[in-house]
Amino acid sequence: MKAIKILSACLLLLPFVSCTQKANDKGDAVTEKKIETLLSKMTLEEKLGQMNQVSSYGNIEDMSGLIRKGEVGSVLNEVDPVRINALQRVAMEESRLGIPLLMARDVVHGFKTIFPIPLGQAASFDPQVVEDGARVAAIEASSVGIRWTFAPMIDVARDPRWGRIAEGCGEDTYLTSVMGAAMIKGFQGDSLSNPTSIAACPKHFVGYGAAEGGRDYNSTYIPERRLRNVYLPPFEAAAKAGAATFMTSFNDNDGIPSTGNKFILKDVLRGEWGFDGMVVTDWASASEMISHGFAADPKEAAMKAVNAGVDMEMVSYTFVKELPALIKEGKVKEATINEAVRSILRVKYRLGLFDNSYVGEKKAEILYAPAHLAAAKQAAIESAILLKNDNEVLPLQSSVKTVAVVGPMANAPYEQLGTWAFDGEKSQSVTPLNAIKDLVGDKVQVIYEPGLTYSRDKNKEGVVKAAASAARADVILAFVGEEAILSGEAHSLADLNLQGAQTELIRALAKTGKPVVMIVMAGRPLTIGEEAEFSSAVLYAFHPGTMGGPALADLLWGKSVPSGKTPVTFPKMVGQVPIYYAHNNTGRPATRNEVLLDDIAVEAGQTSLGCTSFYLDAGFDPLYPFGYGLSYTTFKYSNVKLSSASLKKEDILTVTFDLENTGKYEGTEVAQLYVQDKVGSVTRPVKELKRFARVTLKPGEKKNVSFELPISELAFWNIDRMKTVELGDFALWVAPDSQTGEEMFFKVTD
Ligand code: BGC
């Protein structure tokens, strides 16, 4: 038996010195000197120009005027290397001071080679696969001259109605922290100055994922304790990982829009975390403070944003237009402007843009390189979650001679890319249908009858036709889900059931009596309880990206074994939302002996059902809990041991356990460590994920695995508004998901 140490996640906890910053320490004094020299030569207009980001428009000449005058610091949404060089040439050679432009783009889950949506990547619980994906994205994007991405999106999101849940890592603070840091490492590489590195921009700072009712852009009401315990840690981890920039969020929290929130932008980000990079607004979020009713006009909006700590404004031009007067009137200090410009120039120097301003114009072979496609396929394999597998219908065996491929997502090259795939081309997508045909050759007959042409299609005739064709197959593979446009920004839904006639399709397929394998491609957890009942197996693939097809074909035929786990709780019905595992306990937790809707007697007495916290109709549980996912093989956890049952604050707890593959296939299990602080000065979550590890085992193989958890990581923001570990009793679970595992105990003492 081998011992595996799970240390990588601990790296997040190192004192506040990022890898990138460390590498830059020596150069920093030199850089700071360069910044001061340049700053001293800049006019106010040139300084404000650096604080201005424009979205690419028109022809080069249209944009050149402003750039020549030094009135633009950054351009977003330009992806043509020839145009990028042309614009850069104007900045470098025709503007007075020759300050390079910072070219930006939303490279969220791949540039050309599209990886699974971030929520899917989070399901892999594999920081390495996530880092690799971001590295590929950086290599491809930088090859056309993009040096700044607006990613990772690390908004903790506990409401699947919110379309943007697709862009983040789900509901958990720790998982989001680990994955966000991995993406930053991938984007920024070993050093920002490497021409293949792109500056990361963790977003949206902060609390956007808690948008009320899951409606996009909505207000949030997050008290400071929850902000510090749940929503801020991923951003703190991002700052520690050396993220070069941060983006503000659209939401107002308790009445203060993030773009005008000094507490968040100055006190926390710069004051507490020591961040010295650049803060950009979200798209027009400075001027949107007017709609919020937080600023009367563009002038007040500019004043509030800059005084709160914003450095660069994305596209709403209030800074360039309004700041000259505000400075004259003393409402904004020139020192504030200088600080903002320093931050911007610092990022440009760190990226090496002054020395390496241009990009090679003919590097097409980098895009969709075979290694990139292989990495995207691996990510899609690891992102898929096996939610059900009755009678071991999967993996498909050689006895399966005919398969029916059905459903609107089976051959939808655009839809499988998901949201925020601006530059990915559907012509490069390999769909499940094509990949299956490729994989099985002439050994298996493939009947293709989509039934529905797109996910919202309500055409019942197609359903009947598909069911009739599918009845001839040994196994039915039903690819359902939601089109890419149904998730992402401004694409919230109040109904999380499968759209169109997809439920009818699954019902009709089940009626054939043939085993139905439902494969779901979606941007969020959908309420698929009924369809799952009708299916023998369910594989949840999210939007799997360019190589989704080959990944799914491999999984279906057992060339790969599913290992994904839910990064977010799947509700049974939308009325359960918000539903997440790390909730606080009520004074009346459900006993599970309560009476549910169908068993309530007529004229039942008010107190006869059990006065506890549950839904009469939805009961106690979600459809699938956080951290859940099956494999083709089975795993047995045993022999869980703690290094000590009593520890001090400065100790490290080592938890060891045996993990055994008790099934027939080699497989990977994501083992999880949860902890509960039993009694706190404020109520604490019933469980919190603290560590996880992917462990690969051959059939019959057993390994001894160990988690190391510094007790300092049990700290939280307590009743005294201090982050501290409180002494007392803790419960601990080593488990395959957030709902199982044997409860163990330890103490933290003086
Ligand atoms: C989104 C950001 C994005 C920006 C630039 C905004 O609408 O909220 O996430 O980075 O646009 O495209």
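The values are calculated or read from the model by the stated rules, or taken from the named source; none is laboratory data. The shown structure was predicted, so the numbers you read here are calculated from the model rather than taken from an experiment. In this analysis, Cβ positions are derived from the backbone assuming ideal geometry, glycine residues included, and neighbour counts consider all displayed protein chains. Ligands, DNA and RNA are stripped out before the accessible areas are found, and what is left, the full protein with its side chains, is counted by its heavy atoms. Shrake-Rupley method; radii C 1.70, N 1.55, O 1.52, S 1.80 Å.
Observations on the model:
- Near Glu167, once Lys and Arg are set to +1 and Asp and Glu to -1 for all other residues with Cβ below 10 Å from its Cβ, the sum equals -1.
- Beta bridges from DSSP with both residues in the chain: antiparallel share about 50 percent, rounded to the nearest 5.
- Accessible surface, per residue, of the range 135-233 when the full set of protein chains is kept, probe 1.4 Å, Å²: 21
- Residues of the range 265-305: accessible area per residue with a 1.4 Å probe, Å²: 36
- Distance in nm between pseudo-label sites at Ala494 and Asp598 (7 Å out along the Cβ direction from Cα): 2.8
- Ranked by how many other beta carbons lie within 10 Å on average, peptides 411-423, 209-221 from highest: 411-423, 209-221
- Debye equation applied to the C-alpha atoms of the range 667-707, log10 I(q)/I(0) at 0.16, 0.21, 0.29, 0.35 Å⁻¹: -0.54, -0.71, -0.99, -1.18
- Apolar share of the accessible surface for the chain: 51 percent from carbon plus sulfur atoms, 1.4 Å probe.
- Computed from backbone phi with θ = phi - 60° and the Karplus coefficients 6.51, -1.76 and 1.60, the 3J(HN,Hα) list for the range 659-674 is 10, 10, 7, 9, x, 9, 10, 5, x, 10, 10, 8, 7, 10, 10, 10 Hz; x is used for glycine and proline.
- Local electrostatic count at Val748 - Lys and Arg +1, Asp and Glu -1, tallied over other residues with Cβ under 14 Å: -1
- Modelled FRET efficiency - R0 22 Å, Tyr448 with Glu392, Cβ distances, 0.05 increments: 0.30
- For the range 453-595, average projected area of the Cα convex hull in nm²: 11.5
- Spin-label pair Asp474/Asp276, simplified geometry with 7 Å Cα→Cβ offset, distance in nm: 6.5
- Annotation: peptides 404-410, 690-696, ranked by per-residue average of other Cβ atoms within 10 Å with the highest first, follow the order 404-410, 690-696.
- The Cα atoms of the range 525-643 give a gyration tensor whose axes a ≥ b ≥ c have a/c of 1.5 or more with a/b greater than b/c, which makes the shape prolate.
- Neighbour net charge for Arg68 - beta-carbon separation under 14 angstrom, K R +1, D E -1: -4
- Computed on the chain, the Cα convex hull volume stands at 172 Å³ per residue.
- Listed pairs Lys514/Lys702; Lys377/Lys703; Lys443/Lys572; Lys437/Lys458; Lys664/Lys747 exceeding 30 Å between Cα atoms: Lys514/Lys702; Lys443/Lys572; Lys664/Lys747
- In plain terms, if you count all Cα to Cα distances in the range 223-311 and split them into 10 Å steps from zero, the share in each step is 18, 51, 27, 3 percent.
- Per-residue ³J(HN,Hα) for the range 709-726, Karplus 6.51 cos²θ - 1.76 cosθ + 1.60, θ = phi - 60°, Hz, x for Gly and Pro: 10, x, 4, 4, 6, 8, 5, 8, 7, 9, 4, 8, 6, 10, 7, 8, 8, 9
- For the chain, the relative contact order works out to 14 percent when only alpha carbon pairs closer than 8 Å and six or more residues apart are counted.
- Summarising the label geometry, the points placed 7 Å from Cα in the beta-carbon direction at Asn459 and Ser643 lie 6.3 nm from one another.
- If R0 is taken as 45 Å, the Cβ-Cβ distance between Asn194 and Lys321 corresponds to a FRET efficiency of 0.80.
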